[in-house]
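The values are calculated or read from the model by the stated rules, or taken from the named source; none is laboratory data. For clarity, every value in this text was computed on a predicted model and none was experimentally measured. Ideal geometry is used to build each Cβ from the backbone, glycine not excepted, and the neighbour counts take in all protein chains shown. SASA here: full protein model, heavy atoms, side chains in, ligands and nucleic acids out. Shrake-Rupley method; radii C 1.70, N 1.55, O 1.52, S 1.80 Å.
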Amino acid sequence: MTAYKDLTKEELLELKSGLEAQYEEVKAKGLKLDMSRGKPSTEQLNLSMGMMDVLNSSVDLTCADGVDCRNYGGLDGIAEAKQLLADMMEVPKDNVIIFGNSSLNVMYDTVARAMTHGVLGSTPWCRLDKVKFLCPVPGYDRHFGITEHFGIEMINIPMTPTGPDMDLVEKYVNEDPAVKGIWCVPKYSNPQGITYSDETVFRFANLKPAAEDFRIYWDNAYCVHHLYEDKQDYLIEILSECKKAGNPDMVYKFSSTSKISFPGSGIAALAASEANLNEIRSMMKMQTIGHDKVNQLRHVRFFKDVHGIVEHMKKHADIMRPKFEAVIDGLERELGGLGIGSWVKPLGGYFISFDAMDGCAKAIVAKAKEAGLVMTGAGATYPYGKDPHDSNIRIAPSYPTPEELAVATDIFVLSVKLVSIDKLLENM
């Protein structure tokens with residue numbers, strides 16, 4: 001294929017004419033397709049329906065240690081649920097607190113506690129003139145939403161194929177006491193599907209923060225979300241690395257079963273040092289007497305142990321894999337060699353990250369929407385919704401059916417081609 005930039009103005013105009021005819025045909029179909037969020041499909045949700053049968057009115061709802069899950073108590077979760085999530089997160093059970101159905105909620109509360117009460121005796125952030133967070137980009141829009149909500153200044157840190165640019169991370173963290181945290185999705189990152197390298201994790205663990213209350217917000221959302229059995233990324237465990245490096249308190253590690261069981265009814269967990277957990281528990285006492293223990297027990301009885309989760313996620317992979325491959329194949333077939341876009345082929349997670357020519361992302365998303373395809377808003381993968389290059393687009397293949405996905409990919413590549421041609425013609 002000839003790269004678009006090597007075509008003459010006449011060739012581009014001729015190409016545009018043919019593509020516009022195709023686009024109008026698609027538009028006339030009045031389609032309503034959605035690739036905007038990483039929602040599990042109905043088929044994936046059906047995999048967990050057995051969870052609705054493991055508890056009923058004739059079942060004993062008492063835990064192994066005698067806790068009656070129907071009653072009050074159990075501030076930080078039942079022992080069985082701690083063990084299940086600890087094994088999934090690769091940390092000791094004693095380093096885990098079980099929360100409600102959402103890890104996002106836990107992350108929000110963790111930032112809120114730091115704002116109002118500080119971290120392990122340090123000054124509450126609300127009393128400081130300036131609080132800053134590092135944000136690897138492109139990244140997770142809901143992370144950025146939390147820090148923006150609290151008025152925290154966000155600093156873009158470019159992602160590399162091995163994780164965030166650690167030279168920049170070290171410079172900011174080690175030199176600026178106003179830098180209090182960094183958002184991380186370390187395995188199959190949102191949206192690029194990148195897993196942090198061993199060296200990146202080592203460098204994180206060995207940071208020398210200028211702020212004593214600096215924390216790494218390690219959102220390991222996709223720790224068991226592989227697409228392939230024979231090709232899987234491996235991530236070093238951050239909590240133990242921080243401990244080895246003499247920084248045991250420097251990380252909060254988050255995870256949940258949101259995209260494993262039911263997104264609206266999963267269980268979330270936080271893993272951290274004993275000092276961090278003791279402080280969190282002392283404040284949790286003011287919020288709750290304990291989260292939903294019946295739901296925690298339901299998860300334990302359904303999955304039984306971490307091996308049950310692993311086997312369950314293989315079924316998810318069988319559903320997700322063909323969807324990812326359909327989108328990647330479509331991108332390679334239609335856009336490969338044209339020089340108007342690039343993408344990462346992930347081995348897990350929930351997204352495909354597409355980089356268009358600079359200045360094209362918003363127009364591509366708008367073009368796709370006009371033809372009936374809703375995508376994540378351009379700029380969403382950057383703090384404040386501002387992509388400085390207007391180039392990154394997050395593709396979420398999980399929710400549509402394979403048939404819808406084929407049509408959605410066609411609309412997307414058509415939109416990319418048309419907008420890219422307009423951009424090239426503009427610059428001629």
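Choose one of THR147, LEU31, ALA210: the residue whose Cα lies farthest towards the positive end of the charge dipole of the chain (beta-carbon charges +1 Lys, Arg; -1 Asp, Glu; about the Cα centre).
Farthest along the dipole direction, towards plus: THR147.
Semi-axes of the range 1-159's equivalent ellipsoid from the Cα gyration tensor, sqrt of 5 times each eigenvalue, largest first, rounded to whole Å? Working shown, then result.
On the way: eigenvalues 440, 181, 40 Å².
Result for the range 1-159: semi-axes of 47, 30, 14 Å.
Among the complete DSSP H segments of the chain, which ones combine at least 18 Å of alpha-carbon extent along their axis with a mean Kyte-Doolittle hydropathy of -1.0 or more?
9-27, 103-117, 274-287, 306-335, 402-426
Net charge around ALA396, counting only other residues with Cβ within less than 14 Å of its Cβ (Lys, Arg = +1; Asp, Glu = -1)? Numbers along the way, then the final one.
Working: positive: ARG37, LYS39, ARG142, LYS259, LYS323, ARG394; negative: ASP34, ASP141, GLU404.
Within the 14 Å Cβ shell, the charges total +3.
I want to verify a result. In a Gaussian network model of the chain, Cα cutoff 10 Å, which of these has the top mean-square fluctuation: TYR234, TYR140, TYR399?
For the chain, modelled as a Gaussian network with Cα springs under 10 Å, the answer is TYR234.
Choose one answer from LEU75, LEU270, LEU85: the residue with the largest mean-square fluctuation in a GNM of the chain with alpha-carbon springs under 10 Å.
Ranking LEU75, LEU270, LEU85 by mean-square fluctuation puts LEU75 first.
How far is the Cα center of the range 44-58 from the Cα center of the range 154-231, in Å?
Cα centroid of the range 44-58 versus Cα centroid of the range 154-231: 36 Å apart.
List nothing, just return the count: lysine pairs in the range 335-420, 8 or more apart or interchain, with Cα separation under 18 Å. Kindly include the intermediate steps, with their values, before the conclusion.
On the way: LYS362/LYS386; LYS362/LYS417; LYS367/LYS417; LYS369/LYS417.
The number of close lysine pairs in the range 335-420 is 4.
Looking at the chain, what % of the alpha carbon pairs are farther apart than 27 Å? Could you put the intermediate results ahead of the total?
Details: 50315 of 91378 pairs.
Pairs farther apart than 27 Å: 55 percent.
What's the Kirkwood radius of the range 188-327 in Å, using all Cα pairs? The partial results should precede the final answer.
Numbers: mean 1/r = 0.0581 Å⁻¹.
Every distinct Cα pair counted, the radius reaches 17.2 Å.
Let's test this: bin the Cα-Cα distances of the range 1-89 at 5 Å from zero up to the farthest pair and state each bin's percent.
Using 5 Å bins, I get a P(r) of 2, 8, 9, 10, 11, 9, 8, 5, 5, 5, 6, 7, 6, 6, 3, 0 for the range 1-89.
Can you give me the % of accessible surface on the chain that is carbon or sulfur? Probe 1.4 Å, all protein chains present, nothing else counted. Write down the numbers at each step before the final one.
On the way: 9140 of 18320 Å².
Answer for the chain is 50 percent, counting heavy atoms of protein chains only.
Ranked from the most accessible area to the least, with a 1.4 Å probe and all protein chains present, what is the order of SER342, SER122? Please report the intermediate quantities before stating the final value.
Working: SER342 60, SER122 10 Å².
Heavy-atom accessible area, descending, gives SER342, SER122.
Only loop residues by DSSP count here, and only those with at most 15 other Cβ atoms within 10 Å; note down the trypsin sites (Lys or Arg not before Pro) in the range 43-124 that meet that.
Numbers: sites: ARG70, LYS82, LYS93, ARG113; in loops: ARG70.
Here the trypsin sites (Lys or Arg not before Pro) that fit, given the DSSP loop and packing criteria, are ARG70.
How many angstrom lie between the C-alpha centres of the range 12-28 and the range 356-428?
Comparing the Cα centres of the range 12-28 and the range 356-428, I get a distance of 16 Å.
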